[in-house]
DNA sequence: ATGTTATTTTACCACTTAGTTATTTAACCT
DNA sequence: AGGTTAAATAACTAAGTGGTAAAATAACAT
């Protein structure tokens, strides 16, 4: 039950609807009904997604009359980013290995092809 | 059921045990039993976590006699990183706002404190 | 052939998640 | 007060997750 912050953040991001909501919020704060429009989903479902995002600290909700406008809070993404960045050298390394492999193929071709 | 790649990646990362396994694998390829050692968890449980990681393409498993050594495949993290990086300006922006706020506090203090 | 070690699979459990419909709350407008 | 709009909550369901213990597989070692 007491899931760590990073797990909570990643779990919140592990859903295309929620990621789309965050993407929408980069355009600015907006209401729940507005957020719900692009989705073939009932409002309570969106409401739940928003609660997950709020729980992860990825959005905050204001109050304007009967609207509860949401706005992006990207803070938690910083930790997520930092965690992933630790692995950058590993994915770049494997691209290097691909590069090496391609180079290897090319040099192996040389003796045969001869045609430069 | 047909969850997109990004969701699968984030879901795989949304568990401290799995993140710890990935961290261990940065030190090099190793066996399942070896991977299981730091955890108070049965081997089948670890086996399941490995299956999740494998399903997300974050590890690959080899064969050496009765061992099935795992090694890190960081590729999918690249996409995850790219997705998150889209939001960098938003978390940096909010830090800016914090900076602004702190500056504001400081300038508001001046007239009162007077003592520099 | 028999045993041992490494790992997976099966069957089960408690809990969570993502969605639904129906109801309720809150604030606005006459 | 009564009606409308925005959103949340409640109650439910189907499917997924994370764990277990026990059995099955696979490859090695005698």
Exactly one condition in (1) modelled with pLDDT of 95 or more; (2) more than 16 Å from DNA strand D (Cβ to nearest atom) is not met by residue A:95; state its number. (1)
When residues of the stretch A:6-32 are filtered for being over 14 Å from residue B:4 (Cβ atoms), in contact with a helix residue (DSSP H, G or I) (Cβ under 8 Å, 6 or more places away or on another chain) and without any contact (Cβ under 8 Å) to a residue 24 or more places away in the chain, how many remain? 2
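With surrounded by fewer than 16 Cβ atoms within 10 Å (Cβ to Cβ) and in contact with a helix residue (DSSP H, G or I) (Cβ under 9 Å, 6 or more places away or on another chain) as the only criterion, which of A:45, A:56, A:36 stands out?
Working: A:56 fails: surrounded by fewer than 16 Cβ atoms within 10 Å (Cβ to Cβ); A:36 fails: surrounded by fewer than 16 Cβ atoms within 10 Å (Cβ to Cβ).
Matching residue, one of A:45, A:56, A:36: A:45.
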Could you list, in sequence order, all residues of the stretch B:44-67 that are closer than 18 Å to residue B:29 by Cβ, free of Cβ contacts under 8 Å to residues at least 12 places away in the same chain and within 10 Å of DNA strand D (Cβ to nearest atom)? B:51, B:63, B:64, B:65, B:66
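Every residue in the stretch A:66-86 that is farther than 19 Å from residue B:13 by Cα and facing chain B (nearest Cβ under 9 Å), please. Show your work before the answer.
Residues of the stretch A:66-86 that are farther than 19 Å from residue B:13 by Cα, as a first pass: A:66-73.
The answer is A:72, A:73.
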Can you pull out the residues in the stretch B:13-65 that are away from chain A (no Cβ under 14 Å), touching a strand residue (DSSP E or B) at 6+ places or on another chain (Cβ under 6 Å) and in a loop (DSSP other than H, G, I, E, B)? B:31
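The values are calculated or read from the model by the stated rules, or taken from the named source; none is laboratory data. No experiment lies behind these values; they were computed from the predicted model shown. Backbone-built Cβ (ideal geometry, glycine too); neighbour counts: all protein chains shown.
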